[in-house]
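The values are calculated or read from the model by the stated rules, or taken from the named source; none is laboratory data. These figures come from a predicted structure and were not determined experimentally. Because the Cβ atoms are built from the backbone with ideal geometry, glycine has one as well, and the counts that use them run over all protein chains shown. Accessible surface is based on the protein model in full, side chains and every heavy atom, while ligands, DNA and RNA are left aside. Shrake-Rupley method; radii C 1.70, N 1.55, O 1.52, S 1.80 Å.
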Amino acid sequence: KKFVFVIDEINRADLSSVLGELMYALEYRGEEIRLPNFKDPFKIPGNVYLIGTMNSVDKSLATFDLALRRRFAFFKVMPNMKALETILAKYNIKEGNLQDFLDRCERLNRDIIDPQKQFRLSEDYQIGHAYFAKIKDFLIFEEEAEETQRIGIINSYGLEKLWLYHLLPLLEEYLGSRIEDAEIQQLLKKEEYIFTGF
């Protein structure tokens, strides 16, 4: 039987302090080791999995020191529009309307990493599907249907709110001091128009 221990945002803690002697056990996984203050030997069995999640552009990543890095394998998870579609499926969004929204999200991420654009950001700065899923807070519903059969609509109002409250602040954080650049301001306005316009 497999046991999975998930540590969300693993890089936000002082892991050397949090994990303590477990660091040594991770190095010799599956082998019995002696730990201070413990009479019996200790080991992390092969059926126990430790998974840590982190945002690779998070500034606290620096706390994930080299000693910890060699004890973990790294797997990059990129934004996934199929996952976004699954998240939004329970809101019964009109099919063409949903596909249009997914296309807008994909386009924004392409523009973020496009070397022809002025963002000059790497693929790690693409916006994740959890951010785009916040559109659920701005849906409108067709009133005439019963509650369980109501159809959700993504309109320009919802797209503007998503941009203003979630996407723009994230992009401003990514861009840092470059946000003051007139070209960047113009680019953000253009991206807003493309993302929110019908």
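Some observations on this one:
- Condition met for Ile140 (open to solvent by 70 Å² or more (accessible area, probe 1.4 Å) and either under 25 Å from Ile184 (Cα atoms) or free of Cβ contacts under 8 Å to residues at least 60 places away in the same chain (or both)): yes
- Selection from the range 32-49 of residues that are in contact with a Pro (Cβ under 9 Å, 6 or more places away or on another chain) and over 24 Å from Ile10 (Cα atoms): Glu32, Ile33, Arg34
- Taking the range 144-192 as the range and being part of a helix (DSSP H, G or I), surrounded by fewer than 17 Cβ atoms within 10 Å (Cβ to Cβ) and in contact with an Asp or Glu (Cβ under 6 Å, 6 or more places away or on another chain) as the test, only Ile179 passes.
- Any chance Arg104 is open to solvent by 70 Å² or more (accessible area, probe 1.4 Å), more than 21 Å from Ser177 (Cβ to Cβ) and assigned to a helix (DSSP H, G or I): no
- Residue among Phe132, Phe195 that is touching a Pro at 6+ places or on another chain (Cβ under 9 Å), assigned to a helix (DSSP H, G or I) and closer than 22 Å to Asn97 by Cβ: Phe132
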